[in-house]
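The values are calculated or read from the model by the stated rules, or taken from the named source; none is laboratory data. Quick caveat: nothing in here was measured; it's all calculated off a predicted structure. For neighbour counting, all protein chains shown are included, and Cβ atoms are generated from backbone atoms with ideal geometry for every residue, glycine included. Accessible surface is based on the protein model in full, side chains and every heavy atom, while ligands, DNA and RNA are left aside. Shrake-Rupley method; radii C 1.70, N 1.55, O 1.52, S 1.80 Å.
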Amino acid sequence: MSRENNIKKKDEDFQRIAENEATIDKKLSELIDLISTKDINIETAKEFQQRFHSAIKKSGIKSDQIEAFKSLDDKEASREELLDEFSILLSANQFGSKLPKKQERGERLSKIVLVIISLTMITLGFGMIIMPAPPYFEMFTIFYFNENDGITIMDLISLLIILAGVYFLIKAVVRDPLKK
């Protein structure tokens, strides 16, 4: 049921966006007709132009998003490469929607959770090494330092848990190179 509601909501959003674009196009045509019939001095034209540019800047499209798409002007690249790069750029820079904010918030939350999990795993691994192991783990010693001490299976399992925690921590902290 919620999937149908989401589809209906998305459809309504698309219709609203299409209506807004049609309204903007109509108003722009009216403005062009009005300007072409009147004699406007240079100062008034510059003022209109500045107001128009400030309205476009407020619409949410940032110049760095546009600059990312200018890198696709490589004439020697194959169509497949251009299509791959274009799809990556479109997924990272979605214009005119609230999805990027939600997506960024979700990514940030998942990174925080991953950091917490990795720190917990590292702490658990060190705790398993430091605390005394049960006797049934201690009888499986792989390498002896002396008669009473050595590397046990418990130590190896703890080391694997620590390394997995370090890996998760690095994945959470290091930035993805595709999302620059």
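Of all the residues that make up the stretch 106-137, how many are surrounded by 14 or more Cβ atoms within 10 Å (Cβ to Cβ) and more than 30 Å from Ala172 (Cβ to Cβ)?
1
From Ser29, Ser54, grab the single residue that is surrounded by fewer than 11 Cβ atoms within 10 Å (Cβ to Cβ), under 29 Å from the mean Cα position of the chain (by Cα) and at pLDDT 70 or above.
Working: Ser29 fails: under 29 Å from the mean Cα position of the chain (by Cα).
Just a single option satisfies the conditions, and that option is Ser54.
Considering Leu178, Leu169, Leu159, Leu163, which residue is closer than 29 Å to Lys111 by Cβ, modelled with pLDDT of 85 or more, open to solvent by 90 Å² or more (accessible area, probe 1.4 Å) and of a type in the set (A, V, I, L, M, F, W, C)?
Leu163
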